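To start, the structure under review is shown below, and the notes come after it.
The values are calculated or read from the model by the stated rules, or taken from the named source; none is laboratory data. Note that the coordinates shown come from a computational prediction; the quantities given were computed from them, not determined experimentally. Here Cβ is always computed from backbone atoms with ideal geometry, including for glycine, and neighbour counts include all displayed protein chains.
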Amino acid sequence: MGDHTRRSLLRSTAIAAAAGVAVHQGLAASPASGAPGPAWPPPLGPIRVTPDDPRYQDLVQRRYNLRFQGTPEQVRVVGTTDHVVRAVQEAVRAGKRVAVRSGGHCFENFVDDPAVRVVIDMSGMTGVYFDPRHNAFAVEAGATLGEAYRRLFLGWGVTIPGGYCPEVGAGGHVQGGGYGPLCRLLGLVVDYLYGVEVVVVDRDGTARSVVATREPSDPNRELWWAHTGGGGGNFGVVTRYWFRTPGARGADPTRLLPQPPASVLTFEMEWSWEGLGPDAFARLVGNHGRWFERHSGPGTPYAGLYSELLLFRRQSGRLMMLGQVAGANAERLLDEHVAALSAGFAPPSARTQQRLPWLASALRGPGEDPGRWRLKTKAGYLRRRLTDRQVEVVHRHLTRDDYDIVGGTLSLNSYGGQVNAVAPEATAAAQRDSILKLFYLVAWADPKDEARHLRWIREFYRDMYADTGGVPVPGPVNDGSFVNYPDTDLADPGWNTSGVPWHALYYKGNYPRLRRVKARWDPRGVFHHTLSVRP
């Protein structure tokens, strides 16, 4: 894997480049939502694609993570909520397992599973518009983040603080909590979620669409709450979201979501692995962690700074940090940050930075199609910097001589700030006092290499959390894992020996409430996968 490919894969906090196809830009009306829509162009679909159809390969076989390959009997490309209702109803009546795809990237086989017989593809539902009925902005589930950013900003000068990669689909991104370069400044995407439209299946097997909002008087409010971080594939098929800043009043759309900064300072910097021993490595990582311990509370003057410290394998030759700083004093804030990281250590050997208009930065993306890689990822939250023992583990696994692959990495992604201004129970996203989010990655191309690459990342992760049974059990330092970087090893007693179940790592004390939502809205367990909420 070349340097450009590594950097492209890791530019996004989720390495995410989805296969979302913005086929239909019209605002198709849905009887369930009352969303406005023109008579022309008509909505895409419904389309039924079977294995003998030439479109099947694009929809099924060329997926994001080549480790997994599904073989559905059909893919239903939908353009309206009614299309989704009919597709789900047919699958339920036929006893076929159904899954949904919005953008198309997933680190596990929740959609690309041979047991899934019907895939509902949301790429025809890409509308982004202001909905006066809810006095909020609607984003359909098949819209990519880039399309949402572009249309919200060009139309009304507003945004939502979503992920780094513009090609990720909104459908799954929002349900997992949604974070990105503006999260320290503005909070999570779900902190702005006003409502959600979901196709659910009743106990008698009837599919129908439901709208749930955060209004205290809404009898469906708990269904809204479950979609503020409860993870995808759990409760039904989301067809659209509505967003509005909590407490925002009036009918002026330009004041109902936050305005992004006019420009951001983007940056990349590198340190050479040459001559970098354990002590120097520990100094850099320790400086980084101490800085975020000091500057990750709500209201920090460094809230506009987002970074990813990419700790590549030694064979890559370098370590790297990339990100952006928002605000008029961005250059000064970045200089101060770099100076703190370089204390007692060498400054970056290479550094580039560029001021860009915010939208141009948001739409850049990684510039690489990751659909030719096999991937395994893991995640963790940090409440404090890595312990000395954990830093030693990181250095050891990044410099192991018995493992020659270049594409193994740990990324320390900035977190906290305004994210930590929200109570853990206010949304299903429970980690609300963390300073960093950890993202473990290994990527390879040859199927024959899978066993050794999986062994490396699994041993790395196990050793990082050896004090707590091989997983990041919530405590003084660690705070569980991130559901949008799913890892089925957390449910495997061979790798999770902590006695703490996987759902406590993702949802902490919010899991019982999620189970109650599941029992009400998906009592038959129609929507499920390895890490789905159990009723």
Worksheet item: Within the stretch 99-145, which residues are touching a Phe, Trp or Tyr at 6+ places or on another chain (Cβ under 8 Å) and in a loop (DSSP other than H, G, I, E, B)?
Response: G104, H105, C106, F107, E108, N109, D112, D113, H134, A141
Item to complete: Assess whether A451 counts as being of a type outside the set (D, E, K, R), surrounded by fewer than 18 Cβ atoms within 10 Å (Cβ to Cβ), part of a helix (DSSP H, G or I) and more than 24 Å from the chain's Cα centre (by Cα).
Response: yes
Worksheet item: Here is a list of conditions, (1) surrounded by 22 or more Cβ atoms within 10 Å (Cβ to Cβ); (2) not in a helix (DSSP H, G or I), and Y461 meets all of them except one; can you say which number that is?
Response: (2)
Worksheet item: Quick one: in the stretch 439-448, which of the residues that are in contact (Cβ under 8 Å) with a residue 24 or more places away in the chain and not in a loop (DSSP other than H, G, I, E, B) is farthest from L410 (Cα to Cα)?
Response: P447
Practice prompt. Check whether at least one residue in the stretch 234-246 is without any contact (Cβ under 8 Å) to a residue 12 or more places away in the chain, surrounded by fewer than 17 Cβ atoms within 10 Å (Cβ to Cβ) and not hydroxyl-bearing (S, T, Y), and report yes or no.
Written response: no
Worksheet entry | Hey, V198 touching a helix residue (DSSP H, G or I) at 6+ places or on another chain (Cβ under 7 Å), under 20 Å from R515 (Cβ atoms), touching a residue at least 24 places away in the same chain (Cβ under 8 Å) and of a type in the set (V, I, T) or not | yes
Fill in: Only one of G231, G304, G289, G327 that is outside the structural domain of G407 (by TED's automatic domain parsing), closer than 27 Å to S411 by Cβ and surrounded by 19 or more Cβ atoms within 10 Å (Cβ to Cβ)
G231
Worksheet item: Within the stretch 53-75, can one find any residue that is of a type in the set (A, V, I, L, M) and within 18 Å of G236 (Cβ to Cβ)?
Response: no
Worksheet item: If you check G297, G289, G277, G304, which single one turns out to be modelled with pLDDT under 95 and within 30 Å of V477 (Cβ to Cβ)?
Response: G277
Discussion item. Which residue is nearest to H529 (Cα to Cα), if the candidates are limited to the stretch 202-251 and must be part of a strand (DSSP E or B) and more than 26 Å from the chain's Cα centre (by Cα)?
Written reply: A207
Discussion item. Can you say whether G146 is under 19 Å from the mean Cα position of the chain (by Cα) and modelled with pLDDT under 95, as far as the supplied structure shows?
Written reply: no
Practice prompt. Give the residues of the stretch 150-182 that are crowded, with 24+ Cβ neighbours inside 10 Å and not in a loop (DSSP other than H, G, I, E, B), sorted by residue number.
Written response: G169, A170, G171, G172, H173, V174, Q175
Worksheet item: Of the residues in the stretch 266-296, how many are touching a strand residue (DSSP E or B) at 6+ places or on another chain (Cβ under 6 Å) and assigned to a helix (DSSP H, G or I)?
Response: 2
Discussion item. If a residue must be small (G, A, S) and either surrounded by 15 or more Cβ atoms within 10 Å (Cβ to Cβ) or assigned to a helix (DSSP H, G or I) (or both), how many such residues does the stretch 475-528 contain?
Written reply: 7
Response to the item:
If we keep only residues of the stretch 183-210 that are among the β-branched types (V, I, T) and either touching a His at 6+ places or on another chain (Cβ under 9 Å) or within 23 Å of E140 (Cβ to Cβ) (or both), then the residue surrounded by the fewest Cβ atoms within 10 Å (Cβ to Cβ) is V210
Fill in: Residue list for the stretch 120-147, filter: touching a helix residue (DSSP H, G or I) at 6+ places or on another chain (Cβ under 7 Å), among the aliphatic types (A, V, I, L, M) and over 14 Å from Y192 (Cα atoms)
I120, M122, V128, A141, A143, L145
Worksheet item: Only one residue in V419, V406 is in contact (Cβ under 8 Å) with a residue 12 or more places away in the chain and either within 27 Å of N234 (Cα to Cα) or of a type in the set (F, W, Y) (or both), so which one is that?
Response: V419
Worksheet item: Any residue in the stretch 412-435 that is on the phi > 0 side of the Ramachandran plot and crowded, with 23+ Cβ neighbours inside 10 Å?
Response: yes
Worksheet entry | Counted residues, the stretch 252-295 - those being out of contact with any Phe, Trp or Tyr (no Cβ under 7 Å at 6 or more places or on another chain) and of a type in the set (V, I, T) | 2
Discussion item. Quick check on the stretch 52-82: of everything there that is acidic (D, E) and assigned to a helix (DSSP H, G or I), which residue is surrounded by the most Cβ atoms within 10 Å (Cβ to Cβ)?
Written reply: D82
Worksheet item: Pick from R86, R76, R48: which is touching a helix residue (DSSP H, G or I) at 6+ places or on another chain (Cβ under 7 Å), closer than 28 Å to V526 by Cβ and at pLDDT 95 or above?
Response: R76
Practice prompt. Could you pull out every one of the strands (runs of 3 or more DSSP E) wholly within the stretch 297-398 that has 1 or more residues that are touching a residue at least 60 places away in the same chain (Cβ under 8 Å) and β-branched (V, I, T)?
Written response: 318-326, 350-357, 374-382
